[in-house]
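**Q** Quick one: structure below, then a few questions.
The values are calculated or read from the model by the stated rules, or taken from the named source; none is laboratory data. Small disclaimer: the values here were computed from a predicted structure and weren't measured. Neighbour counts are summed over all protein chains in view; Cβ atoms, including those assigned to glycine, are modelled from backbone coordinates with ideal geometry. These accessible areas exclude ligands, DNA and RNA; they are computed on the full protein's heavy atoms, side chains included. Shrake-Rupley method; radii C 1.70, N 1.55, O 1.52, S 1.80 Å.
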Amino acid sequence: VDTLIKCISVASANDACVTMAEYICGNEEEFVTKMNKRAKDLGMKNTHFVNCNGLDADGHLTTARDIALMSKELITTYPHIIHKTQKGESEFGLTNTNKLIRQYEYATGLKTGSTSKAKFCVSATGRKDDIDLIAVIMAADDSKARVRDAITLLNYGFGKCQKYTEKKQKKISPVEVRGGREKQVKVRQQGAFTYVDTTGADLTKIENKTRKDKNVKAPLKKGEKVGETMYYLNGKRIGSIDIITTEEIEKQNYRSALENVLEEYVL
């Protein structure tokens, strides 16, 4: 299977695609049915597969946007498909034999393809300043135009994009809990907030506000959402990060309720 994947990704081996399809589903037709279902699940609204290898066929259709969606799923869910290895002091991609890798310093992949009807196509991935982009070129007249257009599009994207990453997360005070053995639960922000801007805005102006749920009831498991930190840029909300519990809180029983009453009475 590992060898077949390399044949498919490096050499565009159509026979390897069919072999994999038959191995997984018994026949290519059943595999293509699953391909179309998966495409629909990914939001590829204008794609319909007829075969498993992309050869020209009536009704076999896709778009640049759909290819980008498919490429995004591939590199985020299976990042090891983009193989890196050392060659002296430089790196090169084992799964990428197209000229883009050798000609463009920010290239990371991903896949070329060509047929008589589709002409020369590429789904090109690149990384610069911690920003990953996908540029899809379809129906180029030749392989040189395919590479040239991909580089132009990636350069445009890198020129337009700037990334904000939250450097330090603020500490969040415990959240009040009703009906629990403890009156409060410790919480934290689930992770650092990141945001990609394409408008040239001043990202130092990003502000945040914390909202805690007011009616939190026990029992609580570790990792439950009990609020959110909301982020704003020039008054417009641009995203949020969940606030989650860092401990379990059991439901109050008779003994813990009595202890709480006695504690309040003593105080």
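**Q** Applying the selection to segment 212-249, what residues are more than 20 Å from residue 170 (Cβ to Cβ) and in contact with a helix residue (DSSP H, G or I) (Cβ under 8 Å, 6 or more places away or on another chain)?
**A** 234
**Q** Moving on. Being modelled with pLDDT of 90 or more and touching a Leu at 6+ places or on another chain (Cβ under 9 Å) is true for just one of 166, 207, 228, 176. Which residue is that?
**A** Answer to the check: 207.
**Q** Can you name every one of the helices (runs of 4 or more DSSP H) wholly within segment 2-50 that holds 3 or more residues which are under 24 Å from residue 109 (Cβ atoms), open to solvent by less than 90 Å² (accessible area, probe 1.4 Å) and at pLDDT 95 or above?
**A** 14-25, 28-41
**Q** Sticking with this one: Could you pull out the residue among 113, 109 that is in contact with a Gly (Cβ under 7 Å, 6 or more places away or on another chain), under 27 Å from residue 60 (Cβ atoms), in contact (Cβ under 8 Å) with a residue 60 or more places away in the chain and not in a helix (DSSP H, G or I)?
**A** Result: 113 is the single residue among 113, 109 that is in contact with a Gly (Cβ under 7 Å, 6 or more places away or on another chain), under 27 Å from residue 60 (Cβ atoms), in contact (Cβ under 8 Å) with a residue 60 or more places away in the chain and not in a helix (DSSP H, G or I).
**Q** Continuing with this model, one more query. Can you tell me which residue is nearest to the chain's Cα centre (by Cα) among those in segment 170-200 that are more than 18 Å from residue 130 (Cα to Cα), surrounded by 12 or more Cβ atoms within 10 Å (Cβ to Cβ) and without any contact (Cβ under 8 Å) to a residue 60 or more places away in the chain?
**A** My answer is 190.
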